[in-house]
Amino acid sequence: MLRSYHQDEHVEAGCDEAGRGCFAGPVFAAAVILPRDFFHPLLNDSKQVLPAVREELRLVIEAQAVSFAVCRVDNEEIDRINILRASFKAMHLAVDRLKPKPRLLLIDGNRFVKYKRTAHHCVVKGDGIYASIAAASILAKTYRDAYMAQLHEEFPHYGWKKNKGYGTEEHREAIAEFGLCRYHRKSFDIVPQPEPELF
């Protein structure tokens, strides 16, 4: 069972991102403050939840959260500042929008850039431990998937509606055939290199 809170004294928010390892599209991050009595039997790390259940959970979280926000940093900025910094920036942008302001941030992962003067606690695989991080993972994932489905309409040959911009075999083959488009992360080493000549 997921833990409701890390501590009992201060308002805390869970933060998580989606799309960090993708070849294309933005990185999304969500920040969520849940009521202390929040419980949903299906809430878990978004990667462990079926897509239809993720959509159901998204509606529940949006309806019952004390506060939530979802923000993104696009591929051009990812190329400028690198994906790790972009992930942290997306989290900061999401926390900016929370009301009330949390006094503690629970961050999924092992690293984070401090947000203003707010304390934070990094939790490896935290989306499977704390309900607020799991909720953030659900929102970040569902919002990003919906966004990539929109981009798919513009560039259907990359299969983003299915692969969401990740480096699947289908996506790699499409890049080899069509090259990169304006939504690809140019700083990622994703263009296939020709095989070296042996003789």
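The values are calculated or read from the model by the stated rules, or taken from the named source; none is laboratory data. Predicted, not measured: the structure shown is a model, and the values here were computed from it. Backbone-built Cβ (ideal geometry, glycine too); neighbour counts: all protein chains shown. We work out accessible area using only protein heavy atoms, side chains counted, and drop any ligands, DNA or RNA first. Shrake-Rupley method; radii C 1.70, N 1.55, O 1.52, S 1.80 Å.
Does the stretch 47-58 contain at least one residue that is in contact with a strand residue (DSSP E or B) (Cβ under 8 Å, 6 or more places away or on another chain) and of a type outside the set (Gly, Ala, Ser)?
no
Going through the stretch 91-115 one residue at a time, which ones are assigned to a helix (DSSP H, G or I) and either without any contact (Cβ under 8 Å) to a residue 12 or more places away in the chain or open to solvent by 20 Å² or more (accessible area, probe 1.4 Å) (or both)? First the steps, then the outcome.
If we filter the stretch 91-115 for residues that are assigned to a helix (DSSP H, G or I), which is where we start, we get 91-96.
Those that are assigned to a helix (DSSP H, G or I) and either without any contact (Cβ under 8 Å) to a residue 12 or more places away in the chain or open to solvent by 20 Å² or more (accessible area, probe 1.4 Å) (or both): His92, Leu93, Asp96.
Of all residues in the stretch 124-173, count the ones that are touching a residue at least 24 places away in the same chain (Cβ under 8 Å) and within 16 Å of Ala30 (Cα to Cα).
Total satisfying the criteria: 21.
Looking only at the stretch 147-182, which residues are within 15 Å of Asp74 (Cα to Cα) and outside any loop (DSSP other than H, G, I, E, B)?
Tyr147, Met148, Gln150, Leu151
Checking Arg80 against (1) in a helix (DSSP H, G or I); (2) surrounded by 19 or more Cβ atoms within 10 Å (Cβ to Cβ), which test does it fail?
(2)
Condition first: surrounded by fewer than 23 Cβ atoms within 10 Å (Cβ to Cβ) and either within 18 Å of His6 (Cβ to Cβ) or touching a Ser or Thr at 6+ places or on another chain (Cβ under 9 Å) (or both). Can you find one or more residues in the stretch 83-90 that meet it?
Scanning the stretch 83-90 turns up at least one residue that is surrounded by fewer than 23 Cβ atoms within 10 Å (Cβ to Cβ) and either within 18 Å of His6 (Cβ to Cβ) or touching a Ser or Thr at 6+ places or on another chain (Cβ under 9 Å) (or both).
To keep it simple, each residue is scored yes or no on (1) farther than 24 Å from Leu93 by Cα; (2) crowded, with 17+ Cβ neighbours inside 10 Å; (3) hydroxyl-bearing (Ser, Thr, Tyr).
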| residue | (1), (2), (3) |
| --- | --- |
| Arg117 | no, no, no |
| Ala131 | no, yes, no |
| Asp145 | no, yes, no |
| Lys161 | yes, no, no |
| Ile175 | yes, yes, no |
| Tyr183 | no, yes, yes |
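Quick check on my filter: what residues within the stretch 46-84 are small (Gly, Ala, Ser) and in contact with a helix residue (DSSP H, G or I) (Cβ under 6 Å, 6 or more places away or on another chain)?
Ser46, Ala69
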